[in-house]
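K.L.:
My questions all concern the structure below.
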Amino acid sequence: MIDIACAIASMILLCYSMAVEPGRAECWPGWYLANLRPSGVYTCQRVPGGDPGYDGSGGFPDRTVDMPGEIQGRIYCTGGSHPIVVLAHREADARIVGCAR
């Protein structure tokens with residue numbers, strides 16, 4: 001059910017991006033920027049849940065919970081600029097994507 005809702009949200013966001021052509025975007029709270037392509041297409045995924053102490057790195061079994069769902073969007077960079085990812089100052093896990101030369 002979550003995958004269907006995310007697919008519908010992705011289609012709406014991509015249609016909106018095609019009409020408005022934004023030069024900047026931000027993932028919602030509780031989501032992070034998973035990847036950004038040179039074409040300006042980006043993917044937001046949910047922040048994994050669970051205890052970070054049990055991520056499998058300390059010899060313990062991996063007990064983290066990855067929530068399903070990803071939302072795709074697109075930014076449009078003009079005038080020779082290219083898409084970049086910027087870490088926001090107000091939150092450590094919030095990511096913003098924008099254009100820079």
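We did not get these values from a lab; they are worked out from the coordinates using the rules stated. As the structure is a prediction and not an experimental result, all values here were calculated from the model. Glycine gets a Cβ as well: all are built from the backbone with ideal geometry, and neighbour counts include every protein chain shown.
K.L.:
Restricting to Cα pairs below 8 Å that are 6+ residues apart, what does the relative contact order work out to for the chain? Please round to a whole percent.
P.N.:
For the chain, the relative contact order is 32 percent.
K.L.:
Report, in debye and to the nearest 20, how large the dipole of the chain comes out about its Cα centre when Lys and Arg carry +1 and Asp and Glu carry -1 on their Cβ.
P.N.:
It comes to approximately 440 debye.
K.L.:
P(r) tail for the chain, what percent of Cα pairs lie past 18 Å?
P.N.:
54
K.L.:
Treating the angle as unsigned and between 0 and 90°, give the value, to the nearest 10°, between the Cα long axis of helix 2-20 and the longest Cα principal axis of the chain.
P.N.:
Taking Cα atoms only, the helix is inclined about 20 degrees.
K.L.:
Are there cysteines in the chain with no other Cys C-beta under 4.7 Å, and if so, which?
P.N.:
Cysteines of the chain left without a disulfide-compatible partner: Cys6, Cys15.
K.L.:
Okay, next question. Just going by the charge dipole of the chain, with Lys and Arg at +1 and Asp and Glu at -1 on Cβ, which of Val47, Met67, Ile8 is farthest out on the positive end?
P.N.:
Ile8
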